[in-house]
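The values are calculated or read from the model by the stated rules, or taken from the named source; none is laboratory data. The shown structure was predicted, so the numbers you read here are calculated from the model rather than taken from an experiment. Methodologically, a virtual Cβ is constructed for each residue, glycine included, from the backbone with ideal geometry; neighbour enumeration extends over all protein chains shown.
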Amino acid sequence: MKGKVTASSDGLAMPGVTILDKSNQTGTTTDVDGMYSIPVTEQSVLVFSFIGFTSQEFTVGNRTELNVVLDESASDLSEVVVVALGLTKEKEKLGYSISTVSSDVMDKARETNVANSLAGQVAGLVVKGTNGGPGGSSNIVLRGLPSISGTGSPLFVINGVPMDNTQRGSAGQWGGSDNGDGIGNLS
């Protein structure tokens, strides 16, 4: 079975639509052009689903090609927070505080290191710029010291990708240089 999936609102191809064969629990997704291909039998029931769109089911029968048009769903999505790798919960059901800092706040407090813009925006977050000058690293402490040695920095996850925030070099009383940290590379 092969075909194409498009949106009813604009007729454009829909990449990433999930197609599941209910009879044998196999599945696939559409490619960037909205095209798909999946092995089926005449008794197969295909379910087409995509976030924000109404799911549709079709019995294959003797068809070899099935083009599907998905309608937008009228239901609203509630806010979801990622609490661990692959685990999500609704914000209202968490037993702890979640803070959100918008990009507007970051634009107003223009700093040479973007981490310095977080100062005063999140409860329990202490941000201190070092005396390394422009491009210097930031000392970031979230709700107490990160380790018994007092060193370390929080984990930054940007669009689902963990970011290396290692401090490169260190300036001290007897010399050295502060070459910044990972978060300082963001503009």
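Quick look at the values:
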quantity: Residues located in region 72-91, provided they are at pLDDT 70 or above and exposed (fewer than 11 other Cβ atoms within 10 Å of the Cβ); calculated: 90
quantity: Some residue of region 58-70 being in contact with a Phe, Trp or Tyr (Cβ under 6 Å, 6 or more places away or on another chain), β-branched (Val, Ile, Thr) and at pLDDT 90 or above; calculated: yes
quantity: Counted residues, region 1-27 - those being within 15 Å of residue 67 (Cα to Cα) and among the hydroxyl-bearing types (Ser, Thr, Tyr); calculated: 3
quantity: Residue tally, condition in contact (Cβ under 8 Å) with a residue 40 or more places away in the chain and surrounded by 12 or more Cβ atoms within 10 Å (Cβ to Cβ), over region 9-48; calculated: 5
quantity: Neighbours by Cβ (under 6 Å, 6+ apart or cross-chain): first from region 100-128, closer than 12 Å to residue 141 by Cα and β-branched (Val, Ile, Thr); second exposed (fewer than 14 other Cβ atoms within 10 Å of the Cβ) and at pLDDT below 75; calculated: 122/99
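Residues checked against (1) of a type in the set (Asp, Glu); (2) modelled with pLDDT under 75; (3) surrounded by 12 or more Cβ atoms within 10 Å (Cβ to Cβ):
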residue: 112; (1), (2), (3): no, yes, yes
residue: 123; (1), (2), (3): no, no, no
residue: 126; (1), (2), (3): no, no, yes
residue: 135; (1), (2), (3): no, yes, yes
residue: 153; (1), (2), (3): no, yes, yes
residue: 157; (1), (2), (3): no, yes, no
